[in-house]
Structure formats: structure tokens, C-alpha cells
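Student: My structure is below; once you've seen it, I'll send some questions.
The values are calculated or read from the model by the stated rules, or taken from the named source; none is laboratory data. Quick caveat, the model's predicted, so the values are computed rather than measured. Heads up, the Cβs are rebuilt from the backbone with ideal geometry, glycines too, and the neighbour counts pull from every protein chain shown.
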Amino acid sequence: MTLTIDDEIYNLEIIKKPTTKNIYIRVKEDLTVYVTCNSLTSNKKIMEVINANYESLKKMLKKAKQKQEFNSAFYYLGKKYDIVYTEFCDLTFGKDKVFVSKSFDLDKWKKKEALRIFSDHLEKCYHNFSRKIPHPTLRLRKMTSRWGVCNIKTKVITLNTELLTKELGCLDYVIYHELSHLVEANHSKKFWSVVEENCPDYKKWRNLTNKYGEEE
């Protein structure tokens with residue numbers, strides 16, 4: 001099935017389950033609109049719900065497009081670069097361009113660069129932290145739904161390698177966020193109070209961390 005939003009056609013996938021009570025709408029990165037509902041829900045009812053949530057669906061599609069565009073470009077520490085492939089160097093940054101050899105392992109470079117920068121900032125944030133906490137171990141992993149994870153039991157903080165695309169303020173916010181979980185395990189008011197102690201403008205950096213592309 002397809003769905004037309006503002007004269008653009010999108011794939012529509014309807015997933016019916018006997019255990020689902022409500023109707024849920026979500027947009028995947030490939031811009032497919034997924035509707036999950038009860039097995040007895042009619043297609044007419046589904047379209048009524050879609051039409052009732054038309055504006056919200058437009059916002060979801062806009063954000064998915066921004067994320068898609070963001071992931072297709074080369075971002076480094078919050079700045080967008082045009083990639084120029086060359087035979088003369090491994091990797092060199094210009095003002096708005098990054099020159100990369102066709103044979104250069106860009107993914108390997110990103111992992112190495114992330115480890116270098118993230119390790120340095122974790123140490124800085126840890127030593128500046130307002131509470132006494134155990135020193136965590138750092139791990140890196142590319143994740144699709146989280147910027148960071150803190151394992152309370154093992155004291156391991158895992159950071160998303162995609163943070164390399166964000167400004168350093170975003171990286172520090174995520175690190176302070178995860179360090180705060182070593183004080184408060186959940187996302188209670190006490191937890192956010194600890195985050196604010198260490199990152200007073202955390203709301204600004206949280207919004208920038210979750211932002212893809214430019215808002216109109």
C-alpha cells in the first residue's frame with residue numbers, strides 16, 4: 001500500500017496483531033510509514049487515524065528525511081564537509097571539504113578518531129564531575145536508538161560512535177548524562193538535577209544532539 005502526503009508518495013505497511021490494543025504510527029529511516037494495530041481494525045479506521053494525525057505524520061516524515069540526509073553526508077564534530085576523493089592523500093580537511101583517498105579505510109579512521117576523542121572527554125568529564133563516583137570503563141559501538149548506555153553493575157559506559165558527527169558539547173552532555181546514572185539509575189527529577197549540576201545548559205545540548213539537519 002501507499003500513502004500520499006503533500007503530493008509525495010510513501011510506502012505504507014500495516015501490521016495487525018491480535019494482542020495490540022491501540023493504533024500506532026511510526027516512520028522508519030527509509031521513509032516507510034508503519035501502522036501497528038489490532039487484527040480486527042479495519043483499513044477504513046486506520047485511514048481515519050492517519051488523517052487525524054496528518055500534521056504529526058508530516059513532522060515525523062520531515063525528521064526522518066533530515067536524518068536520512070544527515071547520514072548520507074560527512075559530518076565531523078558538528079561541521080558538514082563535502083567529500084572529495086583523491087589519489088594524493090589519505091585524509092585531509094579543508095575549509096568545507098575533506099579530501100580522502102579512494103583506498104582509505106574511512107570507517108576504521110572514524111573508530112580510531114572516536115576512541116581518541118571520546119577517551120579524552122570522558123576523562124575530562126569524570127574529573128570535573130560534581131559527585132564521587134567509580135571510574136567507568138569506556139566502550140564504543142554504533143547504535144541506532146541511543147547515544148550512550150551506562151551499565152550500573154559493571155560501571156561500563158558505551159558511547160555511540162556516531163557522536164563523532166556532533167559538536168563536542170553534545171559529546172560532553174551525553175557523557176555527563178551517563179555518568180549521572182552512576183548516581184541515579186533512572187530518569188527521575190533527582191537524576192536530571194545531577195545532570196544539571198554538571199551540564200547547566202544540558203537542555204540546549206540534548207536538543208542539538210537529537211537534531212538532524214536544519215529546521216525550517
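Student: For Lys110, only one of the following conditions fails: (1) closer than 19 Å to Glu162 by Cα; (2) touching a residue at least 40 places away in the same chain (Cβ under 8 Å); (3) out of contact with any Ser or Thr (no Cβ under 7 Å at 6 or more places or on another chain). What is its number?
Tutor: It fails just one condition, (3).
Student: Could you please give the count of residues in the stretch 22-44 that are surrounded by 11 or more Cβ atoms within 10 Å (Cβ to Cβ), of a type in the set (S, T, N, Q) and more than 25 Å from Lys67 (Cα to Cα)? It would help to see each step written out before you state the result.
Tutor: Taking the stretch 22-44 as the starting set, the residues that turn out to be surrounded by 11 or more Cβ atoms within 10 Å (Cβ to Cβ) are 23-29, 31-38, 41, 43.
Those still in the list that are of a type in the set (S, T, N, Q) too: 32, 36, 38, 41, 43.
Restricting the remaining residues to those that are more than 25 Å from Lys67 (Cα to Cα) gives 38, 41, 43.
Total meeting the criteria: 3.
Student: If you don't mind, there's one more thing I want to ask. Please count how many residues of the stretch 166-216 are of a type in the set (A, V, I, L, M, F, W, C), part of a helix (DSSP H, G or I) and without any contact (Cβ under 8 Å) to a residue 40 or more places away in the chain. Working first, answer last.
Tutor: Start the filter on the stretch 166-216 by keeping residues that are of a type in the set (A, V, I, L, M, F, W, C), which leaves 168, 170-171, 174-175, 179, 182-183, 185, 191-192, 194-195, 199, 205, 208.
Going one step further and asking which of them are part of a helix (DSSP H, G or I), we end up with 168, 170-171, 174-175, 179, 191-192, 194-195, 205, 208.
Among the residues that remain, those that are also without any contact (Cβ under 8 Å) to a residue 40 or more places away in the chain are: 174, 191-192, 195, 205.
So the count comes out to 5.
One line per residue, one yes/no per condition, for (1) within 26 Å of Asn210 (Cα to Cα); (2) modelled with pLDDT of 85 or more; (3) exposed (fewer than 11 other Cβ atoms within 10 Å of the Cβ):
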| position | (1), (2), (3) |
| --- | --- |
| Asn53 | yes, yes, no |
| Lys58 | yes, yes, no |
| Lys65 | yes, yes, no |
| Gln68 | yes, no, no |
| Ser72 | yes, no, yes |
| Lys80 | yes, yes, no |
| Asp90 | no, yes, no |
| Lys95 | yes, yes, yes |
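Student: Taking the condition of being part of a helix (DSSP H, G or I) and either touching a helix residue (DSSP H, G or I) at 6+ places or on another chain (Cβ under 7 Å) or small (Gly, Ala, Ser) (or both), how many residues in the stretch 97-113 meet it? Step through it out loud before you land on a result.
Tutor: Start the filter on the stretch 97-113 by keeping residues that are part of a helix (DSSP H, G or I), which leaves 106-113.
Narrowing the set further to residues that are either touching a helix residue (DSSP H, G or I) at 6+ places or on another chain (Cβ under 7 Å) or small (Gly, Ala, Ser) (or both) leaves 110-111, 113.
Of the residues in the stretch 97-113, 3 are part of a helix (DSSP H, G or I) and either touching a helix residue (DSSP H, G or I) at 6+ places or on another chain (Cβ under 7 Å) or small (Gly, Ala, Ser) (or both).
Student: Looking at Arg139, Arg116, which is the one that is surrounded by fewer than 20 Cβ atoms within 10 Å (Cβ to Cβ), assigned to a helix (DSSP H, G or I) and modelled with pLDDT of 95 or more? Spell out how you get there, then give the answer.
Tutor: Working: Arg139 fails: assigned to a helix (DSSP H, G or I).
Testing whether each residue is surrounded by fewer than 20 Cβ atoms within 10 Å (Cβ to Cβ), assigned to a helix (DSSP H, G or I) and modelled with pLDDT of 95 or more leaves just Arg116.
Student: One residue is enough: does the stretch 81-91 have a residue meeting the conditions among the hydroxyl-bearing types (Ser, Thr, Tyr), out of contact with any Leu (no Cβ under 9 Å at 6 or more places or on another chain) and under 26 Å from Glu29 (Cβ atoms)? Write out each step before concluding.
Tutor: Initially, the stretch 81-91 is screened for residues among the hydroxyl-bearing types (Ser, Thr, Tyr), giving 81, 85-86.
Cutting the leftovers down to out of contact with any Leu (no Cβ under 9 Å at 6 or more places or on another chain) gives us 81, 85-86.
Next, only the ones that are under 26 Å from Glu29 (Cβ atoms) stay: 81, 85.
Yes: the stretch 81-91 contains one or more residues that are among the hydroxyl-bearing types (Ser, Thr, Tyr), out of contact with any Leu (no Cβ under 9 Å at 6 or more places or on another chain) and under 26 Å from Glu29 (Cβ atoms).
Student: Now for a different question. Give just the number: which of (1) among the aliphatic types (A, V, I, L, M); (2) surrounded by fewer than 19 Cβ atoms within 10 Å (Cβ to Cβ); (3) under 27 Å from Ala64 (Cα atoms); (4) in contact (Cβ under 8 Å) with a residue 24 or more places away in the chain does Leu163 not satisfy?
Tutor: Answer for Leu163: the failing condition is (2).
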